[in-house]
1. Using a 1.4 Å probe on the protein heavy atoms only, what accessible surface does TRP230 show? Give it in Å² to the nearest 10.
2. Heavy atoms of the protein only, probe of 1.4 Å, neighbouring chains included. What is the accessible area of LEU30 in Å², nearest 10?
3. Between TYR281 and residues 5 or more places away or on another chain, which pairs have amide H atoms under 5 Å apart, with H built 1.01 Å from N, and which residues are they?
4. Provide VAL89, VAL11 ordered by accessible surface of protein heavy atoms (probe 1.4 Å), highest first.
5. Is the shape of the stretch 273-335 rounded, prolate or oblate, going by the alpha carbon gyration tensor and its root eigenvalues a ≥ b ≥ c, with a/c under 1.5 for rounded and a/b larger than b/c for prolate?
6. Would you grab the residues whose amide H sits under 5 Å from the one on ASP256? Only those 5+ places off in sequence or on another chain, please, with H modelled 1.01 Å from N.
7. For the stretch 16-58, rounded, prolate or oblate, judged on the Cα gyration tensor with a ≥ b ≥ c (square roots of eigenvalues), a/c < 1.5 rounded, else prolate if a/b > b/c?
8. Using a 1.4 angstrom probe on heavy atoms only, work out the carbon and sulfur share of the accessible area of the stretch 26-90 in %.
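The values are calculated or read from the model by the stated rules, or taken from the named source; none is laboratory data. Small disclaimer: the values here were computed from a predicted structure and weren't measured. Surface areas here come from the heavy atoms of the whole protein model, side chains and all, with no ligands, DNA or RNA. Shrake-Rupley method; radii C 1.70, N 1.55, O 1.52, S 1.80 Å.
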Amino acid sequence: QRPSGWEQQLVETVRRTEADEEEADARSALRREEKRRRAAEQAAVRVEAGAIEAQALAAARAAEIDQLRADLGKADDELAALRTELIDVRNEARHARDREAAARARAERLEADGPATASSAPTPSGTSPATSAPTPSAEPPEPGRPLAAAAAGVDPADLRRAIEAADAVVRELRSLLPTQQPDDGSPRRRRQPLPLPGGVLASSAEAARALLRSDATVLVDGYNVAKLGWPDLALDRQRAVLLEGVENLARRFGADLTVVFDGSSVIGAHADRHRTVRVAYSPEGVTADDVIRDEVARLPVDRAVVVVTNDAEIVRDVKAAGANVVPSNALLAVM
């Protein structure tokens, strides 16, 4: 009942089945390899992005280290200048004390030598022991005035005034010396910067977010941030864009924000509507840097203060006053 040539048909059927199976296996292998290729490409992209981020972070850390080194060099120079000034003040105080001691010793010698000089100074002929020529124009000593002082031409009142002047110089020089405590002996209170969460760098956007969430007063160096963030815009547009961004920050974090700009006479400087953020402009002849320093000094020491700026001099001064510092680029990253 089998048709002729069935063996050949069976062989061809087996071959086709094997070929189909091999083709299916090849397609499956190709799909697997394609998936592996895509996964490898995605991993390469992630690695490249991580490398770029690591390079940017390393560059930022290097810039921060360079800035810290520069600040340290300035601090060393200022410390050396202060030490030199302190040595000069101490030397001047010591010299003043020496002059005071010499003046007092001279006064005591003059007062001690007064009686002896009084018994030997006058002569029957009306001449001085040192000379034999008469001195008709010499006036007699005043009552109570030491004769030795009169003979030497020194007025005790003038000598007392000189001693008092020397005492005043000594007191003034002593007041210039640094003191560790106030006059009442109680330890001097100082503002303490807010602590940051563990592992958070002070120059990072995470630090800016943490400080904005605190109840600190935040002072923003307006043009320092605006010119860094939008250098291609006109000055009035820089102010407007910055104030809009800071308004959003105030609403997002509930922060007490003050933006300080240079110059109260700038055209269009003042806001045309009510703002949550306080905007301050330095008066004529005063820079925004000085306004920020005065604000930090004016606030109570128990009030935390955060200053946003990249200005190294302001950073140095406000850190010395116990304020936290956020770089301008970190605030821009949070906006």
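1. Rounded to the nearest 10, that gives 60 Å².
2. Ignoring ligands and nucleic acids, LEU30 comes out at about 120 Å².
3. Residues meeting the amide H criterion: PHE261.
4. VAL11, VAL89
5. rounded
6. Those lying under 5 Å, H to H, from ASP256 are VAL218.
7. It comes out prolate by the Cα gyration axes.
8. On the way: 3300 of 5370 Å².
Heavy-atom surface of the stretch 26-90 belonging to carbon and sulfur, 1.4 Å probe: 62 percent.
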